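J.: Here you go, one structure.
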Amino acid sequence: MITLIAPGIWKLTLGTPEALTPSGLADTTPEHVHLAALPLVDACPLQPAAITATSTPRGFQVRLPLQSTEQLYGLGLQLLSFNQTGLKKTLRVNSDPIADLGDSHAPVPFYVSTAGYGILVDTTRYATFYCGSANPVAAAGGHDPCGGLPPDAPVLDTDTLYAARKAAAYREVVVEVPGAAGVSLFIFAGPSLLEAVQRYNLFSGGGVVPPRWALGVWYRGRSDFTQEQTLAFAQQFRDERMPCDVFGLEPGWQTQTYSCSHVWSSRFPDPAALVADLRERHFRVNLWTHVFTHPTSPIFQDLLPHSGPYTTFGGLVPDFLQPEAREIFTNHYKKTTVDIGVSGFKLDECDGSDFIKSPWSFPEFGVFPSGADGEQMHSLFGTLQQRMMRQLYERNGKRTFGLVRNAHAFAAPLPFVLYSDLYDHGQFVRGVCTAGFSGLLWTPEIRHAGSGMELVRRLQSAIASPMFLVNAWYIKNPPWKQWETKANNADQLLPDWPEWQTKCRAVFDLRMQLVPYLHAAFHRYATEGIPPFRALVMDYPDCPDAHRLDDQIMIGDRLMAAPIIGTALTRTLWLPPGMWVDFWTGVRHEGNRHLDLPQVHENLPLFVKDGSVLPLARPSLHTEAAESFELDVRVYGNGALPITLLEEASPDAPFAADHVNLLTLSWDISRLVVAPVRYRADLSRGYTVAHERKI
Ligand code: GAL
């Protein structure tokens with residue numbers, strides 16, 4: 001049965017779906033008004049009759065058409081591949097994938113196509129997606145299975161050999177949902193790939209708008225810092241003029257077995273005073289936690305009846321599908337953290353790992369009191385925690401923003417960014433691109449580095465991401481004073497660290513300059529569903545050059561970054577159609593071609609769409625500083641692309657879409673015009689234009 005459920009969105013139910021589904025659990029309502037503003041699409045982009053389904057002894061199988069030219073993307077955060085066409089992925093939650101098989105911190109059963117539609121398979125099962133990689137014999141009749149290559153073409157490596165031979169003319173997507181007797185599909189119309197993503201995000205409730213402070217610099221100190229060390233360390237940022245808005249702490253509530261007591265350790269004799277002290281210095285505090293609860297925890301006994309049958313790290317695994325478990329947790333966290341001013345959490349270990357020397361987490365077969373089994377719980381675990389924490393803050397009239405290591409479907413409205421213990425620079429940049437297809441945010445966090453150049457380039461990459469985070473949890477001094485872990489912890493600082501600090505500060509400053517622009521881009525995530533950071537194929541699906549481009553990122557609608565991975569001395573990048581201006585030199589380049597950057601680039605390669613009005617804040621130490629509201633406005637070329645900025649009354653109150661100011665900056669032949677689109681919020685501080693420059 002197929003039903004139109006929102007403008008351009010259809011639901012197709014096949015067989016008898018399971019009771020527990022991502023859509024059934026979603027706690028936000030679709031953004032119907034904004035959905036209605038997207039182009040009207042009358043017909044479902046896939047003919048329902050062309051979608052077939054069968055019950056098999058293995059579970060439930062769905063087959064969907066796939067044209068020979070279509071390219072597929074998505075399936076959540078995928079660090080090991082970008083374009084999913086021709087691949088087979090099993091969407092298992094796992095933190096340390098060893099091969100490109102679909103294991104991920106955040107697998108999402110949603111894919112989008114360059115043909116301009118998206119498909120969500122509404123399941124919490126570890127479904128397998130054959131993205132054009134299963135070629136039925138029946139369909140081969142009349143087709144050349146070699147995809148046009150002469151059968152004796154001399155191909156001498158297996159990758160090319162298999163790639164060519166598998167390029168069959170007939171393709172389809174096959175999805176296997178294990179153990180199920182049916183499943184619903186949500187079909188999101190385009191007409192373009194980007195619009196399909198927009199519809200998915202708006203249907204999820206619209207993208208999150210982080211508070212301004214969350215767009216500044218995040219730093220996590222070493223995990224064993226005491227209250228005193230934390231304060232002294234944070235003060236060092238101010239003294240040495242390094243920008244920082246959020247300081248990450250480990251409250252030390254992990255026990256010997258690593259499960260948590262959720263009680264501040266003796267390293268923090270007065271947490272309330274610490275948080276207040278930091279707040280006075282304009283830092284927000286983000287706390288590390290994971291939910292596996294140790295027997296010594298004050299909430300253990302209450303949680304026991306609302307937990308799964310297996311432990312993790314010797315701790316209880318709360319069943320967050322049960323309201324009781326959520327209440328026990330949030331009551332405790334409210335008193336001990338939220339009420340003293342902690343701004344949010346890093347929800348660690350909610351994924352699990354099967355691939356490391358000491359695999360950990362709860363098994364797939366254990367059944368929780370709510371009836372969910374371990375497999376379903378794994379898919380939902382991070383999502384349930386994110387929703388619980390968001391509600392905890394909302395109920396207390398506050399806003400939060402934090403980190404998480406697992407997410408699933410309908411994640412766009414959730415105020416959390418994904419991260420990982422993995423550390424491959426290229427994969428980390430690819431993660432920004434792949435996350436953007438499925439309503440996810442991802443940070444390519446920075447820890448140690450092999451050289452100063454690598455450190456700077458990793459920082460530059462983080463500019464083009466939702467969270468600019470230095471996660472120094474295992475190093476004592478900031479990495480710019482010593483990027484090598486052992487020497488850092490032995491306090492052997494680099495003799496020339498001040499020079500490296502200056503270089504790193506320049507990168508921090510750029511991030512701070514971009515805060516108003518990024519905030520505006522996130523506002524469009526909320527109201528239009530447009531991911532603020534995304535792969536170029538979303539904007540340029542008809543350009544084959546963009547189809548495999550996983551190391552260039554659109555930031556908002558007018559900036560394109562091409563991070564340099566590792567310590568390469570040159571960079572070849574692709575400029576999309578149109579005219580692009582080098583952010584640093586002001587040199588104009590005709591697009592739709594490749595561009596070689598010939599020598600070592602000190603700065604992040606960054607290009608501005610010609611015609612842009614681009615507001616940059618003055619660099620500041622934190623987002624509450626007056627400079628952060630003073631704009632240097634650059635007007636490129638004819639200035640035909642105005643920009644609308646967002647002003648909020650309070651960065652700590654829950655975001656209220658109808659209680660913000662929108663301010664449009666446009667270029668009127670020879671002068672900049674600043675026009676309020678609407679004024680609703682009483683501001684203690686709003687944007688002012690300090691300077692304008694024509695480029
Ligand atoms: C890891 C986490 C790291 C760090 C560490 C601290 O699981 O991914 O980022 O927080 O725990 O104990």
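J.: Checking the conditions here, which among 495, 478 is in contact with a Cys (Cβ under 9 Å, 6 or more places away or on another chain) and either open to solvent by 30 Å² or more (accessible area, probe 1.4 Å) or in contact (Cβ under 8 Å) with a residue 60 or more places away in the chain (or both)?
T.: 478
J.: Collect the residues in the stretch 35-56 that are in contact with a helix residue (DSSP H, G or I) (Cβ under 8 Å, 6 or more places away or on another chain) and either open to solvent by 60 Å² or more (accessible area, probe 1.4 Å) or of a type in the set (A, V, I, L, M) (or both), keeping them in residue-number order.
T.: Result: 35, 37, 38.
J.: So is residue 254 away from the ligand (no atom under 16 Å from the Cβ) and either free of Cβ contacts under 8 Å to residues at least 40 places away in the same chain or buried (at least 22 other Cβ atoms within 10 Å of the Cβ) (or both) or not?
T.: For residue 254, the condition - away from the ligand (no atom under 16 Å from the Cβ) and either free of Cβ contacts under 8 Å to residues at least 40 places away in the same chain or buried (at least 22 other Cβ atoms within 10 Å of the Cβ) (or both) - is not met.
J.: Can you name the number of the only condition in (1) modelled with pLDDT of 95 or more; (2) part of a loop (DSSP other than H, G, I, E, B) that residue 274 fails?
T.: (2)
J.: Could you say whether any residue in the stretch 540-547 is aromatic (Phe, Trp, Tyr), part of a strand (DSSP E or B), over 21 Å from residue 209 (Cα atoms) and free of Cβ contacts under 8 Å to residues at least 40 places away in the same chain?
T.: No; the residues of the stretch 540-547 include none that is aromatic (Phe, Trp, Tyr), part of a strand (DSSP E or B), over 21 Å from residue 209 (Cα atoms) and free of Cβ contacts under 8 Å to residues at least 40 places away in the same chain.
J.: Quick one: would you say residue 514 is open to solvent by less than 10 Å² (accessible area, probe 1.4 Å), in contact (Cβ under 8 Å) with a residue 40 or more places away in the chain and more than 16 Å from the ligand (Cβ to nearest atom)? Step through it out loud before you land on a result.
T.: Values: open to solvent by less than 10 Å² (accessible area, probe 1.4 Å): yes; in contact (Cβ under 8 Å) with a residue 40 or more places away in the chain: yes; more than 16 Å from the ligand (Cβ to nearest atom): yes.
When the stated conditions are applied, residue 514 passes them.
J.: Then there is this: When both residues are 6+ apart or on different chains and their Cβ atoms are under 7 Å apart, which pairs have a first residue that lies in the stretch 297-324 and is under 18 Å from residue 363 (Cα atoms) and in a loop (DSSP other than H, G, I, E, B), and a second that is aliphatic (A, V, I, L, M) and open to solvent by 20 Å² or more (accessible area, probe 1.4 Å)?
T.: 309/367
J.: So residue 458 ticks every box in (1) surrounded by fewer than 22 Cβ atoms within 10 Å (Cβ to Cβ); (2) outside any loop (DSSP other than H, G, I, E, B); (3) within 16 Å of the ligand (Cβ to nearest atom) but one. Which box is left unticked?
T.: (1)
J.: Then there is this: From the set of residues in the stretch 436-455 that are open to solvent by less than 10 Å² (accessible area, probe 1.4 Å) and of a type in the set (Gly, Ala, Ser), which is farthest from residue 230 (Cα to Cα)?
T.: 438
J.: Follow-up. Does residue 289 fit the bill of being closer than 28 Å to residue 212 by Cα, within 16 Å of the ligand (Cβ to nearest atom) and of a type in the set (Ser, Thr, Tyr)?
T.: So residue 289 fits the description; yes.
J.: For the stretch 607-624, which residues satisfy the criterion of being closer than 27 Å to residue 576 by Cα and open to solvent by 10 Å² or more (accessible area, probe 1.4 Å)? Walk me through how you get there before you give the answer.
T.: Applying the first criterion (closer than 27 Å to residue 576 by Cα) to the stretch 607-624 yields 607-617.
609, 610, listed by residue number.
J.: So how many residues does the stretch 204-225 have that are away from the ligand (no atom under 16 Å from the Cβ) and among the hydroxyl-bearing types (Ser, Thr, Tyr)?
T.: Count: 1.
J.: Which number in (1) crowded, with 17+ Cβ neighbours inside 10 Å; (2) more than 25 Å from residue 652 (Cα to Cα) marks the one condition that residue 269 misses?
T.: (1)
J.: While we're here: Tell me, which residue of the stretch 1-27 that is within 18 Å of residue 118 (Cβ to Cβ) and not hydrophobic (A, V, I, L, M, F, W, C) is surrounded by the most Cβ atoms within 10 Å (Cβ to Cβ)?
T.: At the first step, the residues of the stretch 1-27 found to be within 18 Å of residue 118 (Cβ to Cβ) are 2-14, 21-23, 26.
Then keep just the ones that are not hydrophobic (A, V, I, L, M, F, W, C); that gives 3, 7-8, 11, 13, 21-23.
Values: 3: 10, 7: 19, 8: 27, 11: 17, 13: 15, 21: 18, 22: 24, 23: 17.
Result: 8.
The values are calculated or read from the model by the stated rules, or taken from the named source; none is laboratory data. For clarity, every value in this text was computed on a predicted model and none was experimentally measured. Using ideal geometry, Cβ is built from the backbone for each residue, glycine included, and neighbour counts are taken over all protein chains shown. Surface accessibility is based on the protein's heavy atoms, side chains included, excluding ligands, DNA and RNA. Shrake-Rupley method; radii C 1.70, N 1.55, O 1.52, S 1.80 Å.
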